Every structure is written in structure tokens, then in C-alpha cells.
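Below you'll find the structure, written out as C-alpha cells, and then a few comments.
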Amino acid sequence: MDLGFKVKTVKDLSILHRLRNRETFISKPNTHHHVARKFYCNILPNFTIIDVEKPPCFLRKFSPDGRYFVAFSSDQASLEIYSFKGPAAAEDLLAECHGDVLIEKSARTNNIRSTVFNRFFTLLHTVILGDGNEHLNRECSLFTANSRYIIVGSAASIPTDPPPTFHEAHRNNESVSPNEQRAPLENYTLHIIDLELGVCCDTRQYICDKIFLSHNQGLYLYDNTLAVLSVQQQTIHILHIEENGKLQDVRSIGRFCYEDDEIYLSLGRETHEGRAYCQQMTGDRPQPLSHSVVKVFNEKPINSLKHRLLTFLYKQAQADSPYELKRFYRYFDQFRELRMWKMQLVDESHLLIKYASEDVVTLRVQDPNTQPAFFVLYNFNTTQVLGVWENSSNELLSLFENFSDQFRNVLPLLGDGVLCSATNNIYARQVQARFKQTIINARNGGHTEAVKRILAQLPISAQSYSSSPYLDLTLFSYDDKWVSVMERPKTCGDYPIRFYGRQSNLLKFKIHTGSLAGKSPGGNTRRLVAFTFHPTMPFAISVQRKSNSQYIVNLHVRHVPS
């Protein structure tokens, strides 16, 4: 019967068909990874277990190779290391379960909820790191590329008896005035733990400082190079992780750029003090030698990193036009008052540093992302500033859109790690274009506002994106309002999140995140849910906050009903 239009036929996309094609057809060169990745469309986390009982801890994330899972103890004093047994470890327990969600209450289902976590995870080590006054930040963790070590951070309040002195909190002339209400100074400790042995290999302490540990904002790990940003002291500490897990100090960037800068400065001071002493002996009555020693906070010279930034801006303005040179002189004081706010490693030699005013850096501004800011690309081996952009720069926006993979620096997962981004995925580019257009068309929006909102993502926090194939927009279509590759809490909806096959447009699986009764809590409480996907297997964890101290943990696993 002729219907008057062409009926679209759906190709056979069963796993048997894919296996037969893999055996009989040779894929194009350099496409093996993409062909193998399509098998994830047939092996899915299609079953949700609602409200799973877990040990008294805060669940964090999987290691890059997926072998380990880490969590923080309820008192945030120790790190718990679990081994993952695989996505089918509890298949016998779920043999009589049907449908796509376990939500009913009965003796059998309660037994499943109480035992299923231990089926998937086995506690290997509990590493005690904090004491009574020191607490681990449960949103701070960095894995090395070989999944052998993890770096976590802890903070402790500063004793008030006696309180720290002024010069302990201000160790150079770029130090900021701390905001005691929103961001008080603390004592920080970084710990590097061997996941296999369950021992702490090394630590680094930063006393009377301000380092933003949440979401790894103040830390960045690229390969074996670790960068730590001290906002209070306006210093970036570069460390190297040795093969045995030891931390090796490389340099501190801020007041000085080279390791021997302080030696040359001290030699100059000794020469100056020697001349002062000679003048004192000859009766010229100079300032006494004891008063010639100037506190570091009162130093007159511009620190080395800021001096290189100002030099770059001056040369850029001088080469442009006399008008730009006048603008540089006009805004010189504002440039000099800029402070480091965020940073990231672009590679083993380059830092992307975000500068803003001191009020923005110390969180005295309500909406900091709308304030003027500058991005600086700095090579800390050659101590050269390679580029400076405003946070409304179309040039930097183009670089970010076309080379976002270089900014994200996803860890390689067994050589096959691929992250869905606007650079390598047309669907992700469409999502970003839609977001950009929404801001342009919004009230009080526009192109400049859209550029600022997009560039506010820079610098990108380390290891904040998931490489799970089930979040790959090439394979699946889903609403990024409820879940995305960025590992941040999302709004929790009352309906399950639907994942459709990109090639067939058919529903593949659903992820349930609602409460046990499927109803929203009373009032205008905004419900948030955080997802943790396994990097390669059909397994995910969602954690929904129920109250101040209670959480609903859901497991999303692969289940084949018997």
C-alpha cells in the first residue's frame, strides 16, 4: 500500500548485529574507539534501586580506571577506599525484580536495599588524616593519571589564643585583606594517599592562608604537576609528584618567578645596608640600620609576576597606538591592584590565571562573575606572559569554543578516555550555542553578557567532568537540565531522566531520581541531586539531599530480568 511518503526504517542495532559487523567488517582507520563505544548503546544502566543503605560516609567518586571508589567518613577525619566489584555483582540479588525501578516497600526489597551496597563495594582501607580540629573537604579530590594516588585537602580553624599577627597573614605586598565573615583564614593540609596500600605518602601545610578547596578550585593536577593557589598570599605553589608518592617543591610564583630571585634581592639589601652602616660610621647620620629592614608587606617594588603582567600590557599598548598607551597609563593603578582569583594548568608549563579586583577575590561582591576580570596565560618555565584577555574577549571565547578539550584536560582512561565537548561533538556545540543564544535574547542580556557568562567557566576546575559513555551526546540524547558531563549538583525533577539512542531515537533507559513516594517535599525547597558515573561501566550513583543530615542514595545498575 502506497502511503505517499517514505517510511523510515530502523537499522538492526542489536548487540548480536554489532558483534557480527565487528567480525566481518573492517572499520576505517583511527575509528576503532568510536566503533567499540557504540556497544554501550546495548549495555545500559537500566534499573534504579531507590534509597540504598550505605555506610555512614560521604560518597565521592571513582578512580579514573574505575577500580576504586573513595568516600569521606561522616566526621570528615578519614578517607575510605573501596574496591568496585563490577556492575553485575548483585545480579543474583535482583533476580526476581522486574520493571526499571525498585521502589516498593517489603521485607524482600528492604533486604535488597540493606545489602546491595556491600555487594558492589568492599572496604579496603580507612586512612585517618584529620584530628579534632582538622576536617577533610568532601568536595576536594584529585587522582593521578595512573589511578595510584589521590590528593585530598583538609582545613583547620586558626587558634584565636594567641591570634595570628598581621605579618603572618600578610607575607608580601600583594596579600589581600581577609573576609572573616565569608572566607576566614585557615590552616590547610594537602595529603597524598596511595590507593593500593592505603597509606598517606606525603603532606604539605599552608598556615594562615586561604585556599578554595571546594570543587578543586584552588588545586590543579596535570599529569604529575600539582599547582596550589594561595589567594591570601597571592602565590601559586608548583609541586611535582614523584613515583613513590612524595611531593617535591618546584617553585612558588608570585613575589618571585625564579628560584634564585630572593637571593639576588637579599644581596641587594645587604649592599644597601652596608652602605648605610658606612654612612653611620662616618657621621652622615643616615636612618639607623635596625630601621632599614623593611617588612615584606611594606615592600615598594612590584612583585615579579605582577611586573611581568604590567610589562606585557605596556608593550602591547605601545605597539598598538598612542591612544592605547594613554589608556594603559589611565588604568595603571587598576591593573596594579588586580589580584589572582583562580588558576588552572593548561599543560606542564603554562598557567591560565584569572585576575580580578580585591573585593571580588575576597568574596565581598554579591555577583562576582559580572565584574571586570582578566585572563593571563603564563609560562612559568620561561617566566613569560604570553597573552592577556578581558572576560568579554571574543578572541578568548573563540579559543575556548574550538579548543575546549585543551582547557578541560581529561585524564586518559586506559588510553580510551574521550570527553563529550563542544570541540569534538556537534550536539554539545548545539547545546552551547543554544545556551549562548538564550542569554543574548534574555532581558538585560546581549552578546557581551553572553561572552562573560561563557568565559565565567574559565579557569576550569580539575577533574570536574565525567567521561562516562552514557553522557556522550554522540550516543545518547537527554535533557542536560537534569544531568550533564559536568559533575555538579543538578535540580532534581519528579520524573525520571530519559535517555534516547542518538542513532535510533528510541528510548534506551531511564534514571529515576525522585523521592520514595514520587512526590516533592513540601514548601519551596529546591531539591538537588549529584550524579557519580563509573568511567566505563553501566553503573551510576545519585545522591539527593533529604534534610540537613540525611541523604537518599540511589544506584543505577544494569539488570536483565530473569
Please work out if Pro322 is in contact with an Asp or Glu (Cβ under 8 Å, 6 or more places away or on another chain), open to solvent by 30 Å² or more (accessible area, probe 1.4 Å) and not aromatic (Phe, Trp, Tyr). no
Considering each of Arg558, Arg498, Arg488, Arg502 in turn, give the residue that is modelled with pLDDT of 90 or more, within 22 Å of Ser421 (Cα to Cα) and charged (D, E, K, R). Arg498
Result of the Cβ filter at 9 Å on region 180-206, keeping first residues that are closer than 13 Å to Tyr149 by Cβ and partners that are surrounded by fewer than 18 Cβ atoms within 10 Å (Cβ to Cβ) and basic (Lys, Arg), at least 6 apart or interchain, is Leu190/Arg204; His191/Arg204; Ile192/Arg204; Ile192/Lys246; Leu195/Arg67; Cys201/Lys246; Asp202/Lys246
Quick one: would you say Glu401 is farther than 26 Å from Gln544 by Cα, free of Cβ contacts under 8 Å to residues at least 24 places away in the same chain and of a type in the set (Asp, Glu)? no
In region 422-456, the residues that are closer than 15 Å to Ser484 by Cα and either open to solvent by less than 80 Å² (accessible area, probe 1.4 Å) or in contact with a Lys or Arg (Cβ under 6 Å, 6 or more places away or on another chain) (or both): Ala422, Asn425, Tyr427, Ala428, Val431, Gln432
Can you tell me which condition Ser504 does not meet? The list is (1) open to solvent by less than 40 Å² (accessible area, probe 1.4 Å); (2) within 27 Å of Asp65 (Cβ to Cβ), and all the others hold. (2)
Exactly one condition in (1) within 30 Å of Phe62 (Cβ to Cβ); (2) hydrophobic (A, V, I, L, M, F, W, C); (3) in a loop (DSSP other than H, G, I, E, B); (4) open to solvent by less than 40 Å² (accessible area, probe 1.4 Å) is false for Val176; which is it? (1)
Does region 375-398 hold any residues that are in contact (Cβ under 8 Å) with a residue 60 or more places away in the chain and either assigned to a loop (DSSP other than H, G, I, E, B) or within 15 Å of Glu348 (Cα to Cα) (or both), and which are they? Tyr378, Phe380, Thr383, Gln384, Asn391, Ser392, Ser393
Given (1) open to solvent by 10 Å² or more (accessible area, probe 1.4 Å); (2) on the phi < 0 side of the Ramachandran plot; (3) not polar (S, T, N, Q), identify the lone condition not met by Cys97. (1)
So which of Arg113, Arg119 ends up being open to solvent by less than 70 Å² (accessible area, probe 1.4 Å) and over 27 Å from Asn409 (Cβ atoms)? Arg113
Filtering region 226-246 for residues that are open to solvent by 10 Å² or more (accessible area, probe 1.4 Å) and in a strand (DSSP E or B) leaves a count of 3
Yes or no: His135 open to solvent by 70 Å² or more (accessible area, probe 1.4 Å), farther than 27 Å from His191 by Cα and touching a residue at least 40 places away in the same chain (Cβ under 8 Å)? no
Check on Ile192, more than 16 Å from Leu305 (Cα to Cα), in contact with a strand residue (DSSP E or B) (Cβ under 9 Å, 6 or more places away or on another chain) and not acidic (Asp, Glu): yes
Of all the residues that make up region 130-180, how many are more than 28 Å from Asp223 (Cβ to Cβ), among the small types (Gly, Ala, Ser) and out of contact with any strand residue (DSSP E or B) (no Cβ under 8 Å at 6 or more places or on another chain)? 3
Elements of type helices (runs of 4 or more DSSP H) contained in region 258-330, each with 1 or more residues being within 17 Å of Thr383 (Cα to Cα) and modelled with pLDDT of 75 or more: 261-281, 304-320
Can you name every residue in region 492-507 that is outside any loop (DSSP other than H, G, I, E, B) and either over 18 Å from Ala530 (Cβ atoms) or of a type outside the set (Val, Ile, Thr) (or both)? Arg498, Phe499, Tyr500, Gly501, Leu507
Single unsatisfied condition, Ile211 versus (1) open to solvent by 10 Å² or more (accessible area, probe 1.4 Å); (2) aliphatic (A, V, I, L, M); (3) not in a strand (DSSP E or B): (1)
Among Phe380, Phe335, which is among the hydrophobic types (A, V, I, L, M, F, W, C), out of contact with any Phe, Trp or Tyr (no Cβ under 7 Å at 6 or more places or on another chain) and surrounded by 20 or more Cβ atoms within 10 Å (Cβ to Cβ)? Phe380
Out of all the residues in region 20-45, which are assigned to a helix (DSSP H, G or I), open to solvent by less than 60 Å² (accessible area, probe 1.4 Å) and modelled with pLDDT of 75 or more? Asn21, Ala36, Arg37, Phe39, Tyr40, Cys41
Scan region 140-168 for residues that are of a type outside the set (Gly, Ala, Ser) and closer than 22 Å to Leu195 by Cα and report the count. 10
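The values are calculated or read from the model by the stated rules, or taken from the named source; none is laboratory data. All figures in this text were calculated on a predicted structure; none of them were measured in a lab. Cβ atoms come from the backbone with ideal geometry, glycine included; neighbour counts cover every protein chain shown. Calculation scope for accessible area: heavy atoms of the full protein, side chains included, ligands and nucleic acids excluded. Shrake-Rupley method; radii C 1.70, N 1.55, O 1.52, S 1.80 Å.
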